[in-house]
Amino acid sequence: MSINAILLILLLLLSSVSLLIGEARLTVSEAISGLFGIGTEAQRLIMQEIRLPRVVLAWLLGFALGACGAALQGLLRNPLAEPGLLGISSSAGLGAVLALYFGLTSLSLWMLPMVAMLFALLATGLLYALTRSGATNQTLILVGVALSSLAAALTSLALNLAPNPTDVQDIILWLLGSISDRSFADVMLCLPFVAVGLVLLQLSAPALDVLTLGEGEASTLGVDLVRLRGLIIAGSALSVGATVAVTGAIGFVGLVVPHLLRRFVDYRPGRLLLPSALGGAVLILAADIVLRLIDTPKELMLGVVTALIGAPFFLALVLRSRRDQL
Amino acid sequence: MTAIPAGLAVAGLTIRHGSRAVVRDLSFVVAPGELLGLIGPNGAGKSTVVKAIAQLLRYQGDIQFNGQAIATMPTRERARHLAYLSQDDAVQWPIRVWDLVALGRHPYHGSWWRGAAMSDADRAVIESALHLTASWSLRERRFTELSGGERARVRLARALAVDAPLLLADEPIAALDPQHQLGVMRLLREHCQRGNSLVLVLHDLTLASRFCDRLLLLDRGRCFAQGTAQAVLTPETLREVYGIQALMGEHQQQAYILPWACERQ
């Protein structure tokens with residue numbers, strides 16, 4: 001069975017589990033009838049308005065982070081590339097916070113994802129420009145760290161200057177990253193952008209395989225490097241920017257998932273995109289289920305959990321790549 | 001009316017890095033079936049010339065293949081006409097050798113989604129490239145686990161898998177032991193005998209003299225001499241361009257050139 005089929009089955013299983021657990025204790029038949037809108041109004045509300053959007057959002061977020069991580073690693077030819085680590089997520093987050101802070105969201109609901117995507121685009125474009133001028137992998141990661149820090153500093157500034165304590169509370173909760181209490185309106189806000197972004201990323205797959213050889217030889221094999229970079233920058237900015245606008249920044253998924261799955265696709269960067277998208281969704285759903293099952297005084301936030309798992313993983317990866325002289 | 005020249009024709013090639021010209025007014029031709037050896041000291045501009053032909057650098061001048069400017073060929077068509085093997089081994093992932101060589105078929109496939117649904121003809125070309133480079137037995141191995149010499153052979157197989165009438169190879173034998181050096185030079189020779197043009201950058205003067213039809217000796221970005229090995233590799237040119245004294249002799253009607261002493265420090 002192919003890795004994609006396995007991941008898809010896993011994804012469907014976890015989605016069912018996610019739909020069945022929650023504070024309201026519904027039986028399986030109640031949950032199913034609620035899901036299809038034939039049970040009581042309460043059952044319908046719980047399933048259709050609370051649990052289903054959460055699952056769909058987990059899918060979208062996982063698809064975006066996983067595919068984007070795999071595509072960036074292929075493009076930059078660096079296993080440490082990831083939207084969170086490179087500052088793309090935090091830049092999108094800054095964009096979203098600014099949109100909230102300046103009240104742009106009152107102009108239009110679409111302002112939030114738009115500004116988030118614009119900032120993600122700026123960050124990706126800057127990183128890309130640096131790789132063009134021959135920056136090493138280490139430089140790239142350092143610039144990512146600097147971008148993240150800058151975005152965090154400006155976000156803190158916005159918090160610092162926020163006139164209203166409830167605004168501060170809202171922004172902080174949003175920053176921690178979560179997929180709970182999101183509605184279908186939120187899902188629809190990011191769905192089109194994630195869909196377009198994923199298509200753009202998938203279009204880059206064959207060229208990413210060829211890029212294994214290095215930019216020079218890839219270019220003589222007919223890979224249009226300008227088009228390839230454009231596809232991945234736009235695809236990353238759209239998918240990550242849009243999901244961050246709805247869920248807040250959720251880190252490390254794009255780093256961990258491609259790394260774990262690479263061996264199953266014979267280390268071919270183009271083939272890695274689809275499994276990474278599915279694997280991203282599996283990881284998000286699993287983490288979200290775990291944090292709901294753990295009994296804590298306040299519900300744990302998804303972004304906190306992924307960071308707690310992802311940061312040590314990243315550290316181990318860096319130490320190992322130093323040893324292997326990657 | 002002049003006939004369209006077949007093969008590679010480079011005319012008035014000038015390449016600048018910033019304001020400095022690293023290659024100046026270089027002209028040469030490589031006919032179908034011809035092996036041109038590009039030689040010269042480090043920094044003479046050999047790799048730069050090859051990269052310009054492969055359209056990886058900006059340049060002034062005219063580079064044509066079979067009478068068509070390479071720069072204006074559609075990308076895909078250019079990729080089928082010209083195979084380039086770079087000096088640096090930049091392969092990033094521990095990809096399987098077979099998959100790596102199969103990337104040479106990219107110019108013949110749809111550019112997106114699956115992209116690389118291999119036909120039997122593709123497989124035959126890949127197999128032949130692996131056999132020619134004595135790397136068939138490596139096909140299931142991971143590229144990053146290979147030795148330097150094995151890597152060089154597999155990368156050459158990748159370039160041969162493009163099956164292009166023009167091959168540009170930048171020091172493909174630098175990492176090889178003497179036996180494999182001779183093996184690869186023989187296979188490149190045979191590649192030309194099938195009607196392909198080859199521009200080969202190399203440092204070994206004996207191998208250059210034995211296997212190349214013609215040599216082009218570059219010195220600080222200019223053509224110092226071009227022609228047959230006997231005409232180009234004289235004691236005077238070696239002294240002037242490389243600053244060396246060489247032992248030169250003949251064995252079985254083939255010249256050998258052994259760098260022996262430095263003329264200048």
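Tabulated values for the structure
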| quantity | calculated |
| --- | --- |
| Residues satisfying the stated conditions in segment A:213-267, i.e. within 12 Å of chain B (Cβ to nearest Cβ), within 19 Å of the chain's Cα centre (by Cα) and open to solvent by 10 Å² or more (accessible area, probe 1.4 Å) | A:L231, A:H259, A:R262 |
| When residues of segment A:199-212 are limited to those that are open to solvent by 20 Å² or more (accessible area, probe 1.4 Å) and at the interface with chain B (Cβ under 8 Å from one of its Cβ atoms), the one nearest to A:G66 (Cα to Cα) | A:Q202 |
| Every residue from segment B:228-265 that is of a type in the set (D, E, K, R) and under 23 Å from B:L36 (Cα atoms) | B:E236, B:R239, B:E240, B:E250 |
| Every residue from segment A:275-300 that is over 14 Å from the mean Cα position of the chain (by Cα), open to solvent by 30 Å² or more (accessible area, probe 1.4 Å) and among the aliphatic types (A, V, I, L, M) | A:A286, A:V290, A:L293, A:I294, A:L300 |
| Flag for B:R78 being charged (D, E, K, R), in contact (Cβ under 8 Å) with a residue 12 or more places away in the chain, open to solvent by 20 Å² or more (accessible area, probe 1.4 Å) and over 30 Å from B:V241 (Cα atoms) | yes |
| A:G93, sole failed condition from (1) more than 18 Å from A:L283 (Cα to Cα); (2) open to solvent by 10 Å² or more (accessible area, probe 1.4 Å) | (2) |
| Yes/no for A:P113 being open to solvent by less than 30 Å² (accessible area, probe 1.4 Å), closer than 22 Å to A:H259 by Cβ and either polar (S, T, N, Q) or touching a residue at least 24 places away in the same chain (Cβ under 8 Å) (or both) | no |
| Residue match in segment A:95-107 (condition: part of a loop (DSSP other than H, G, I, E, B), more than 18 Å from A:L200 (Cα to Cα) and either modelled with pLDDT of 95 or more or not small (G, A, S) (or both)) | yes |
| Qualifying position, being crowded, with 18+ Cβ neighbours inside 10 Å and closer than 18 Å to A:L285 by Cβ, among A:L26, A:L10, A:L35 | A:L35 |
| Per-region count, segment B:115-145, residues more than 14 Å from chain A (Cβ to nearest Cβ) and of a type in the set (K, R) | 1 |
| Wholly within segment A:189-253, helices (runs of 4 or more DSSP H) carrying at least 3 residues that are β-branched (V, I, T) | A:225-247 |
| Test for A:A277: is it outside any loop (DSSP other than H, G, I, E, B) and either within 11 Å of chain B (Cβ to nearest Cβ) or touching a residue at least 40 places away in the same chain (Cβ under 8 Å) (or both) | yes |
| Among residues of segment B:155-194, those that are modelled with pLDDT under 95 and of a type in the set (G, A, S), counted | 3 |
| Number of positions in segment A:45-65 that are open to solvent by 60 Å² or more (accessible area, probe 1.4 Å) and modelled with pLDDT under 95 | 3 |
| Within segment B:30-106, helices (runs of 4 or more DSSP H) holding 3 or more residues that are at the interface with chain A (Cβ under 7 Å from one of its Cβ atoms) | B:75-81 |
| Matching residues, segment B:17-29, being within 14 Å of B:R220 (Cβ to Cβ) and open to solvent by 50 Å² or more (accessible area, probe 1.4 Å) | B:H17, B:R20, B:R24, B:D25 |
| Flag if A:R263 is of a type in the set (K, R) and either part of a loop (DSSP other than H, G, I, E, B) or more than 29 Å from A:Q169 (Cβ to Cβ) (or both) | yes |
| Residue within segment A:154-167 that is open to solvent by less than 30 Å² (accessible area, probe 1.4 Å), in a helix (DSSP H, G or I) and farther than 30 Å from B:S86 by Cβ present | yes |
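The values are calculated or read from the model by the stated rules, or taken from the named source; none is laboratory data. Just so we're clear, the structure is a prediction, and the values are computed from it rather than from any experiment. Methodologically, a virtual Cβ is constructed for each residue, glycine included, from the backbone with ideal geometry; neighbour enumeration extends over all protein chains shown. Side chains included, ligands, DNA and RNA excluded: accessible areas come from the protein's heavy atoms. Shrake-Rupley method; radii C 1.70, N 1.55, O 1.52, S 1.80 Å.
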